[in-house]
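Undergrad: The following block contains the structure, expressed as structure tokens.
The values are calculated or read from the model by the stated rules, or taken from the named source; none is laboratory data. No experiment lies behind these values; they were computed from the predicted model shown. Every residue, glycine as well, gets a Cβ built from its backbone with ideal geometry; the counts of neighbours run over all protein chains shown. The area values use the complete protein model at the heavy-atom level, side chains included, leaving out ligands, DNA and RNA. Shrake-Rupley method; radii C 1.70, N 1.55, O 1.52, S 1.80 Å.
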Amino acid sequence: MNSTSKGDKLEDAFYRYLVEQKDRGDLVFGVYAAKNCKIYKRKSYYCRQRHSDVEFDVVLEIYRTGSDTPHLYVIFECKNHKANVSEMHINDFSSKIGRIFPYASKGVIVVTSRLQSGAEMVARNGAMGIVKFDEHGLEIVADRKSKFLENAFLSAQMFWNENIKKSLKFSGFYEGKYYSNIGDMVTSLDPEVTNDLRFDQECVDHAVPFLSLTQIKLTAEKLLNSTGYTSGAVDLIKICQILSIDLHFSDRKVVDIDGTSILGSAIFGQKMIVINSHSLQTRERFTLAHEIGHFALDHERYLLSESIVERDLFVTKDKSKDFNYDRLEYQANIFAAELILPDVHFLQKVIQFRRDLGIKDRGHGYIFVDDQPYNFFIYNEMLSRLSNYFQVSRQAIEVKLRNSKMLTDQRKRNRAFPIFDALNDMVSNRKN
């Protein structure tokens, strides 16, 4: 894909994002009504110096009520590449805007990836804003007013550092301040708008609450009972039907701005789940159960959309001081585990398979494994039977056995794979 077509793809996606904001009525929230905003793609304006029109990628025109002339022009220049925003780009863009809009205009560079830290100073010197836009990123409802989005988190969204954060759909930077939504950023561009108390309302009410294991377990059990579940692999498709979720499976491999595969997405406004290409069916089922968890736990109060990447499956602890999104992912992970491995049925199958395989407690524990070939063979067969029955990964089965205190594991290399530690932490921490 050449640079022109890549740029067109970005401006098309960013234009759709702005239009969706306007259609919801929350564009430039709290200052200008959405009906007072007009959004254009590839709009041209006459330049007297050139005696011809000059085209801009995306333009937001903001009008005062009753006025036919825009009060403010916000001009977006889309650069779909990984390289830093060079000073030449800033200067050329600033000069082009100045020739056509001498007053009441602001320029914003829109990029798709995190930038080198030097871009921050370049933008300051050029009086330009920077927006990082990721079409597949997280879009927040409750935290729109920036109370829960620390500057460190937003900075990590836009500029490269060692700790890669979950990608937001929109991250903005202007004159040393960071923004998590287009409304707040555009409001800050207007010199006539002061920082009043409009951001304080409702913020505390939208904090993500703590949910105990018992609360999550009861939610999963209630949903499972509504399906008439009696045995075998939980019918996740039927659960989607009960919740009126529009479920789609895709063969596409979708990646975020860091090149990490996006396993699935939940679009709350459309009540839709999209599951992307997976190499393993068991992982696909956990991804789907995770996304169902977001709906079942009413996370649409906080999110407009959510995309899950592999590292989200290893959010193992619920820390109240963390960014609220981590708490949502933790809750969805716990819900998924409870939904696809219901306690009573899991215990019944463990008892059955243990009896069928001749496993007995010889003073070492209910289920025992060490490095002896026979013991390992029997244990491995137990994992395989449980995994096949519930259509869940062997790692998840092993974590369930550990958490249920049914497993005594004395293998010297039983922690050879980090995934065991991550999954075990997830379950053990929720019990504490």
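Undergrad: I need the strands (runs of 3 or more DSSP E) fully contained in the stretch 205-275, keeping only those with at least 1 residues that are touching a Ser or Thr at 6+ places or on another chain (Cβ under 6 Å).
TA: Output list reads 261-267, 272-275.
Undergrad: Given the conditions (1) among the β-branched types (V, I, T); (2) in contact with a helix residue (DSSP H, G or I) (Cβ under 7 Å, 6 or more places away or on another chain); (3) at pLDDT 85 or above, and given that V31 satisfies all but one, which numbered condition is not satisfied?
TA: (3)
Undergrad: Hey, can you tell me all the residues within the stretch 108-145 that are of a type in the set (S, T, N, Q) and modelled with pLDDT of 85 or more?
TA: T112
Undergrad: Answer yes or no as to whether L288 is hydrophobic (A, V, I, L, M, F, W, C), more than 21 Å from I245 (Cα to Cα) and over 14 Å from the mean Cα position of the chain (by Cα).
TA: It is false that L288 is hydrophobic (A, V, I, L, M, F, W, C), more than 21 Å from I245 (Cα to Cα) and over 14 Å from the mean Cα position of the chain (by Cα).
Undergrad: From the list K169, K177, K165, which residue is open to solvent by 40 Å² or more (accessible area, probe 1.4 Å), under 28 Å from L10 (Cα atoms), of a type in the set (D, E, K, R) and modelled with pLDDT of 85 or more?
TA: K177
Undergrad: Another one. Just checking, how many residues over the stretch 293-315 are open to solvent by 20 Å² or more (accessible area, probe 1.4 Å), outside any helix (DSSP H, G or I) and under 22 Å from S261 (Cα atoms)?
TA: The number of residues fulfilling the criteria is 2.
Conditions (1) at pLDDT below 90; (2) touching a Gly at 6+ places or on another chain (Cβ under 6 Å); (3) open to solvent by 20 Å² or more (accessible area, probe 1.4 Å); (4) of a type in the set (D, E), marked per residue:
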residue	(1), (2), (3), (4)
G25	yes, no, yes, no
R42	no, no, yes, no
Q49	yes, no, yes, no
E55	no, no, yes, yes
V59	no, no, no, no
F76	no, no, no, no
